[in-house]
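A.B. asks: Handing you a structure now.
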Amino acid sequence: MPRYQPARIEPKWQAWWEAHDTFATPRLPPAGGRKAYVLDMFPYPSGDGLHVGHPEGYTATDIVSRFERMRGTCVMHPMGFDAFGLPAEEYAIRTGTPPAESTARNIATFRRQLKMLGFSYDWGREIATTDPAYVRWTQWIFLVLHDTWFDPDVQRGRPITDLPIPAAVAAAGEAAVAKYRDAHRLAYQSEAPVNWCPALGTVLANEEVIGGVSERGGHPVVRIPLRQWMLRITAYADRLERELDDLAWPESIKKLQRDWIGRSTGAEVDFFVPPAGGDAAAAFEAWKAARATAGFPETPGEDVLRIYTTRADTLYGVTCMVVAPEHPLVDRLTATGQRDEIAAYRDAAARKSDLDRTDLAREKTGVFTGSHVVHPLTGQPVPVWVADYVLASYGTGAIMSVPAHDDRDFEFARTFGLEIVTVIEPEDGPAPGGSLFTGHGRAVNSGPYTGLATQSFIAQVAADLAAAGLGRAAVNYKLRDWLFSRQRFWGEPFPILHELDAEGRPTGVVCGVAEAELPVPLPPLADFKPGDTPDPPLSRAGHDWLFVERDGRRYRRETNTMPQWAGSCWYYLRFLDPHNAERFIDPAVERAWMPVDLYVGGAEHAVLHLLYSRFWHKVLFDRGHVSHREPFGRLVNQGMILGEMEFTGYRAAGGGWVSADRRGEADTPVRLPAEQVEKQGEHFVLRDLPKIRVESRAYKMSKSRGNVVNPDQIVTDFGADSLRLYEMFMGPLEATKPWSTAGVGGVRTFLERAWRLVVDERADELALAPQVCADPPTDAQLRELHRMIDKVTKDIPALSFNTAIARMMEFVNFCTPLERRPRGLLEPFVTVLAPFAPHLAEELWEILGRPAPVSLAPWPAVEPKWLVDDTVEIPVQIQGKLRGRIVVPAGADAAALETAATADPKIAEQLAGRTIAKVVAVPGRMVNFVLANQGSQP
RNA sequence: GCCGGAGUGGCGGAAUGGCAGACGCGGCGGACUCAAAAUCCGUUGCCCGCAAGGGCGUGUGGGUUCAAGUCCCACCUCCGGCACCA
């Protein structure tokens, strides 16, 4: 009867914790006490429910939270739902239910599942990004962005009213000032080519387009011009990169962010565009003279083609210029005879999807414009080409092509038979002429710079160009401004009004909704499907929503919605003060709890979510709304959990087996049971046909492969504590690991053994095992206990849960055979077990007669005296090979070790008649005898 | 192509430069049982050997060191990310 029954005890203790508010967190941590903000990346509540990947990170943070609480730390450990977004909407469209309904249902499922796993969240802080009370503040933060401009002089966001207005703009009147301000806001509108995904019916951020198709769904994406809301994240590029330095994040994640920001330093250089007809040489000289006095202009005029390069040292190797098809100067540069060809090329480029345009395998294409620009240093004419391998959105949208020293230019030149001029030679001697060399070296053929090394050349020529007003140092980023509007229903409406004139046409004046009127709710819509055109669904809202009047003027609401990222950019702040109706967060609360001390989630958010939320946080910091530059202190990515290991054999069309290393496309994979395969050397083969190799690996869980593990099922079969423990025991948190249901059985066995340490399984009623006693533990038992406590205490903060669990298993293995089991051993063990298997621990604690909850019991202290043994066993090596062991007192020094080792009969025997050249004795570690070289003896 | 990460028993994995394989799964053997399950105990890297014992062994090849899974150099394979960013 009293067997270990998780199905009975788990709901019991979940109800107990809930009834007693065991994990409710105070508004502020107690003064002078320690605080820990332990945060999970909140889930997107998909219709499929929880995946086994979710509990991995959640269990890790739960263990840390429970451990810290037991050590007296005030712990903030909240949970909520990132509930806006495409999948909810797609699902809603498919099933015909409004997104709000399906989202509420999905959240209920997730909440039930999360509670079923016994996580110690303060559920009183639960938020969903779709709650109107939450949307209100998301919209408010958008208004902060809208009200902020970035002052490059102080590298900081400031109120838009602080923006200095140039006299010329001020003179042009109020409308011009408003326009000037709008152009400098962090949230601004832009008519720009955007990624339009017809299948999803929305535009997407650059970050959401992977290889020319949508990240979600893999649908083709084309570029069309459209008026869109953008967030000026590029203004923060420098800080987003620099301020990564101090974060306790994995280096790999920091690097991903740095690469994504993609800072590059180089120079901008102007190439003179001579006027049509006339004396080009004379015009060039006049232009140069003018530049020498006027300097390098902020924006290039019509008379120059401005390029960006990181390799100004290759200026003498320029053999042509290449501009993007969308470059504004193309028309002016196109010679009459080339008009048709250029027009056709630009048209084709515009129609091409990003997928086609970024396909690296494809040959370079391009068209000669028929005109030339003038090289600023040599005065020579340089032909201008249009080619789509040059991106309009990076740098200046134009490059100088140096085929000898850039692989793309090299390929382009070879395709079109353009000249290749070598101007750099490797330090170790000249490469053959006309070949490609992209490394650093020494300049040749470069006028006055010949002989300079790459680095000094770049510095020298940049200075010279700047002095002559022909160029300047410049910094570029791969990072683009963040396209922030979506043509979908299920997102936050923008708190923005567009002024209308008497005819109902937009005047171009845009204003934010007054703070008091927030939130702007989503209008009820019968049909919330996206259309075939980029016209947002909200434009079909009723007129009472769509049109508003303020101070006698008519406005139309913005009908785009925000992307899913918006809500997740700041949820970690709202958790701290979720019910505040006055502010998005109380500043005192923010100061007390921030920053997040431990943030755990999947690596899929390494770039987007973490970059976006850092950006918002920095803006809020600049505007004085939060007190730290960075939101997340320590970040850890849990690894992916793959499906069970699979063996796959291949059958040919005829039915015979094909070895996996020589299979073809036509052969069909067959999943094989483990009994039919065996390992032979490096590979697995068929047991009956050892010539046939079999593939063995674990695959990502997916519905189509049918290897998805359902947490509900695991909880039913093994219990929540077993699932928690297993996921922590699988291996290092950050590693990718295959699932093994047999492994769940293994940890379940451990929990049963722990149960039997305390409970008499053969009794009819719940009763203590007869071995449990009040004896004082023996010294040996205390040593075992304290070593276990010590290991677990050190492993939890390091997130090394697998080794902590292994140590607890050893402890249970040690205790199981004991005829008498002192409480002084069992009770500390139960407290140490509590963060890992909280339900079982509570139950055992109760059976031991201790007052609930063990979840808040003090963590047992390690007594150092029990960590040292009286004697230690030391390995003895001869020539680095293990030859014996000696037992010595724990504190034995090197000399004592050597004496003891040489006294050992077995060692003495092997040393007899040989010359000891050296003895290495490391106290507490080992002894090694190094013998004199035998070969050198006569 | 570039950038990360990882290669250790049949499997998941342990191992501050100091006894490779902790712990678990699986396997084998035993006790208990009429029997089975459950449980408990033992055993389990490979090779030679009846044994004592010996040899080999952390992807490959080299190096540093008294001592290398761990440090250095070169390479191979797998996984993940980025990808015409001038």
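A.B. asks: For the list (1) modelled with pLDDT under 90; (2) β-branched (V, I, T); (3) not in a helix (DSSP H, G or I), I need the number of the one condition that A:I253 fails.
C.D. replies: Against the list (1) modelled with pLDDT under 90; (2) β-branched (V, I, T); (3) not in a helix (DSSP H, G or I), A:I253 comes up short only on (3).
A.B. asks: If you scan the range A:453-486, which residues turn out to be open to solvent by 40 Å² or more (accessible area, probe 1.4 Å), without any contact (Cβ under 8 Å) to a residue 40 or more places away in the chain and hydrophobic (A, V, I, L, M, F, W, C)?
C.D. replies: A:A459, A:A463, A:A467, listed by residue number.
A.B. asks: Oh, and also: Which of the numbered conditions does A:S704 fail, given that it passes all the others? Conditions: (1) open to solvent by less than 40 Å² (accessible area, probe 1.4 Å); (2) of a type in the set (S, T, Y); (3) more than 10 Å from RNA strand B (Cβ to nearest atom); (4) not in a helix (DSSP H, G or I).
C.D. replies: (1) is the only condition that A:S704 fails.
A.B. asks: I'm trying to understand the selection: among the residues of the range A:567-597, which are open to solvent by less than 10 Å² (accessible area, probe 1.4 Å) and in contact with a strand residue (DSSP E or B) (Cβ under 8 Å, 6 or more places away or on another chain)?
C.D. replies: Of everything in the range A:567-597, those that are open to solvent by less than 10 Å² (accessible area, probe 1.4 Å) and in contact with a strand residue (DSSP E or B) (Cβ under 8 Å, 6 or more places away or on another chain) turn out to be A:Y572, A:F575, A:L576, A:W593, A:M594, A:V596.
A.B. asks: Report every pair of residues separated by at least 6 positions or lying on different chains whose Cβ atoms are under 6 Å apart, first residue within the range A:900-924 and in the same structural domain as A:G884 (by TED's automatic domain parsing), second basic (K, R).
C.D. replies: Between residues of the range A:900-924 that are in the same structural domain as A:G884 (by TED's automatic domain parsing) and residues that are basic (K, R), the close pairs are A:Q910/A:R883.
A.B. asks: Next question. Kindly evaluate A:P300 against the criterion of being at negative phi, within 16 Å of RNA strand B (Cβ to nearest atom) and open to solvent by 30 Å² or more (accessible area, probe 1.4 Å).
C.D. replies: So A:P300 fits the description; yes.
A.B. asks: I need the full set of residues from the range A:515-542 which are under 15 Å from A:R557 (Cα atoms), part of a loop (DSSP other than H, G, I, E, B) and open to solvent by 70 Å² or more (accessible area, probe 1.4 Å), in order please.
C.D. replies: Those that are under 15 Å from A:R557 (Cα atoms), part of a loop (DSSP other than H, G, I, E, B) and open to solvent by 70 Å² or more (accessible area, probe 1.4 Å): A:P521, A:P524, A:D535.
A.B. asks: A further question on this structure: Can you name every residue in the range A:26-51 that is surrounded by 20 or more Cβ atoms within 10 Å (Cβ to Cβ) and out of contact with any Phe, Trp or Tyr (no Cβ under 9 Å at 6 or more places or on another chain)?
C.D. replies: Scanning the range A:26-51 gives a single hit, A:A36.
A.B. asks: Could you tell me whether the range A:640-652 includes any residue that is outside any strand (DSSP E or B), farther than 28 Å from A:L145 by Cβ and of a type outside the set (A, V, I, L, M, F, W, C)?
C.D. replies: Taking the range A:640-652 as the starting set, the residues that turn out to be outside any strand (DSSP E or B) are A:640, A:652.
If we keep only those that are farther than 28 Å from A:L145 by Cβ too, we end up with A:640, A:652.
Imposing the further condition that a residue be of a type outside the set (A, V, I, L, M, F, W, C) reduces the set to none.
No, every residue in the range A:640-652 fails to be outside any strand (DSSP E or B), farther than 28 Å from A:L145 by Cβ and of a type outside the set (A, V, I, L, M, F, W, C).
A.B. asks: Sticking with this one: Would the range A:739-748 turn up any residue that is under 29 Å from A:R663 (Cβ atoms) and touching a Leu at 6+ places or on another chain (Cβ under 9 Å)?
C.D. replies: yes
A.B. asks: Tally up the residues in the range A:667-693 that are closer than 14 Å to A:F647 by Cβ and out of contact with any Asp or Glu (no Cβ under 9 Å at 6 or more places or on another chain), please.
C.D. replies: Number satisfying all stated conditions: 11.
A.B. asks: Please go through the range A:799-830 and pick out each residue that is under 30 Å from A:K737 (Cα atoms), near RNA strand B (Cβ under 8 Å from one of its atoms) and open to solvent by 30 Å² or more (accessible area, probe 1.4 Å).
C.D. replies: Within the range A:799-830, A:S800, A:N802, A:T803, A:A806, A:R807, A:M809, A:E810, A:N813 qualify.
A.B. asks: Quick check on my filter: what residues within the range A:737-746 are assigned to a helix (DSSP H, G or I) and either of a type in the set (G, A, S) or near RNA strand B (Cβ under 6 Å from one of its atoms) (or both)?
C.D. replies: So the first thing to find is which residues in the range A:737-746 are assigned to a helix (DSSP H, G or I), and the list is A:741-746.
Once the filter is applied, which keeps residues that are assigned to a helix (DSSP H, G or I) and either of a type in the set (G, A, S) or near RNA strand B (Cβ under 6 Å from one of its atoms) (or both), the range A:737-746 yields A:A742, A:G743, A:G745, A:G746.
A.B. asks: Restricting to the range A:142-189, what's the tally of residues that are within 27 Å of the chain's Cα centre (by Cα) and open to solvent by 40 Å² or more (accessible area, probe 1.4 Å)?
C.D. replies: Residues meeting the conditions: 2.
A.B. asks: Follow-up question, since we're still on this one. I'm checking my understanding of the structure. Among residues of the range A:234-250 that are open to solvent by 60 Å² or more (accessible area, probe 1.4 Å) and assigned to a loop (DSSP other than H, G, I, E, B), which one is nearest to RNA strand B (Cβ to nearest atom)?
C.D. replies: Out of the qualifying residues, it is A:D245.
A.B. asks: Now for a different question. Considering only the range A:610-623, state which residues are closer than 14 Å to A:L573 by Cα and not hydrophobic (A, V, I, L, M, F, W, C).
C.D. replies: Selection gives A:S613, A:R614, A:H617, A:K618.
A.B. asks: Still on this structure, please answer the following. Condition (residue is under 25 Å from the mean Cα position of the chain (by Cα), surrounded by 17 or more Cβ atoms within 10 Å (Cβ to Cβ), more than 16 Å from RNA strand B (Cβ to nearest atom) and small (G, A, S)) applied to the range A:190-204: is it met by at least one residue?
C.D. replies: Scanning the range A:190-204 turns up no residue that is under 25 Å from the mean Cα position of the chain (by Cα), surrounded by 17 or more Cβ atoms within 10 Å (Cβ to Cβ), more than 16 Å from RNA strand B (Cβ to nearest atom) and small (G, A, S).
A.B. asks: In the range A:888-928, what residues are more than 11 Å from RNA strand B (Cβ to nearest atom) and on the phi > 0 side of the Ramachandran plot?
C.D. replies: A:G913
A.B. asks: If you don't mind, there's one more thing I want to ask. Inspect the range A:750-759 for any residue being near RNA strand B (Cβ under 8 Å from one of its atoms), open to solvent by 40 Å² or more (accessible area, probe 1.4 Å) and in a strand (DSSP E or B) and give the result as yes or no.
C.D. replies: no
A.B. asks: Could I ask something else about it? Would it be correct to say that A:A294 is open to solvent by 60 Å² or more (accessible area, probe 1.4 Å), closer than 26 Å to A:R332 by Cβ and in contact with a Ser or Thr (Cβ under 9 Å, 6 or more places away or on another chain)?
C.D. replies: Criteria not met by A:A294.
A.B. asks: Then there's this: Applying the selection to the range A:256-291, what residues are of a type in the set (D, E, K, R) and either open to solvent by 50 Å² or more (accessible area, probe 1.4 Å) or part of a helix (DSSP H, G or I) (or both)?
C.D. replies: Once the filter is applied, which keeps residues that are of a type in the set (D, E, K, R) and either open to solvent by 50 Å² or more (accessible area, probe 1.4 Å) or part of a helix (DSSP H, G or I) (or both), the range A:256-291 yields A:R258, A:D259, A:R263, A:D279, A:E285, A:K288, A:R291.
A.B. asks: Here is a follow-up. Could you check the range A:603-625 and list, in sequence order, the residues that are open to solvent by 10 Å² or more (accessible area, probe 1.4 Å) and either within 19 Å of A:F150 (Cα to Cα) or away from RNA strand B (no atom under 16 Å from the Cβ) (or both)?
C.D. replies: A:F621, A:D622, A:R623, A:G624, A:H625
A.B. asks: Given the conditions (1) aliphatic (A, V, I, L, M); (2) loosely packed, with under 14 Cβ neighbours inside 10 Å; (3) part of a strand (DSSP E or B), and given that A:A698 satisfies all but one, which numbered condition is not satisfied?
C.D. replies: (2)
A.B. asks: When the range A:86-110 is examined, which residues are found to be surrounded by 18 or more Cβ atoms within 10 Å (Cβ to Cβ) and free of Cβ contacts under 8 Å to residues at least 40 places away in the same chain?
C.D. replies: A:E90
A.B. asks: Might you check whether a residue that is assigned by TED's automatic domain parsing to the domain that holds A:E302 and more than 15 Å from RNA strand B (Cβ to nearest atom) occurs anywhere in the range A:382-403?
C.D. replies: yes
A.B. asks: Here's a follow-up. Which count do you get for residues in the range A:660-687 that are in contact (Cβ under 8 Å) with a residue 24 or more places away in the chain, more than 12 Å from RNA strand B (Cβ to nearest atom), open to solvent by less than 50 Å² (accessible area, probe 1.4 Å) and under 39 Å from the mean Cα position of the chain (by Cα)?
C.D. replies: Number satisfying all stated conditions: 1.
The values are calculated or read from the model by the stated rules, or taken from the named source; none is laboratory data. Since the structure is predicted, the reported quantities are computational estimates derived from the model, not experimental observations. Neighbour counts run over all protein chains shown; Cβ positions are idealised from the backbone, glycine included. Heads up: the accessible areas ignore ligands, DNA and RNA and are worked out on the full protein's heavy atoms, side chains in. Shrake-Rupley method; radii C 1.70, N 1.55, O 1.52, S 1.80 Å.
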